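Just so it is clear, none of the values below were taken in a lab; they were calculated from the coordinates. If you're wondering where the values come from, they're calculated on a predicted model, not measured in any experiment. No Cβ is skipped: glycine too gets one built from the backbone with ideal geometry, and neighbour counts run over all protein chains shown.
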Amino acid sequence: MATSEQLRMNKNQHRPKNLNSKKDDKEIYYAMQKVIKYLVKRFENISNIDEKNKEFYIEYSKTISIGFMNKMIKNKCIRREYFNAFDDRSIKPDGGILLLKSTSDEEFCRVLLVSEIKRQGTNDQLEKEGKPKQAKGNAIERLGKNLIGIRTMMMHESITPFVCFGWGCDFNHEDSYIDSKILWWMNFIP
């Protein structure tokens, strides 16, 4: 397993690790595009007179900055102290983020959906090839980092619009390791 220093120095951590992950990333991107089309069609007649005067629009983003997340929390006027040293950093959920924005108010921005896809485990393939098994849980740990940030940003809302599609041999119902990682993250999150 990699040390925290190795992970911190890894400049390629958000790049697809293999062809399967690359395919997964494309599929979740296309799914998000379908969600945009659905939402636009579903709400096309609400508070809009014609195509030129639409007040709201949906924007797709691959990343969300810590600064934006802090701003969302600040706008709720609940906290007084903030740690802004990492505002220039961002998270990059696999499927991206859908934002609702306004053409008449530049400051208006609401998170509609954050999506992730995690393929956890190749040990079934390694076993077939006669190779030793790898450590389990890396994808779930990466998911946890993003989920904590999103849930913290949305903690003053009634829902957290976050969806993750998880699959792979490590999600085997007989394996309690992944279940324990998920439960740990869920208990840690506010």
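One table, with the values for the structure above:
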item: Exceeding the 24 Å Cα-Cα cut-off - candidates K37/K62; K34/K145; K26/K74; K71/K92; K22/K74; result: K34/K145; K26/K74; K22/K74
item: Label zone at R79 (point 7 Å along Cα-to-Cβ), backbone N below 13 Å, the stretch 87-124; result: 87
item: For R119, residues with placed amide H under 5 Å, excluding near neighbours; result: W167
item: For peptides 38-44, 162-168, 96-102, 122-128, sequence by mean Cβ density within 10 Å, most packed first; result: 96-102, 162-168, 122-128, 38-44
item: FRET efficiency, 1/(1 + (r/R0)^6) with R0 41 Å, evaluated for K92 and K131 via beta carbons; result: 0.85
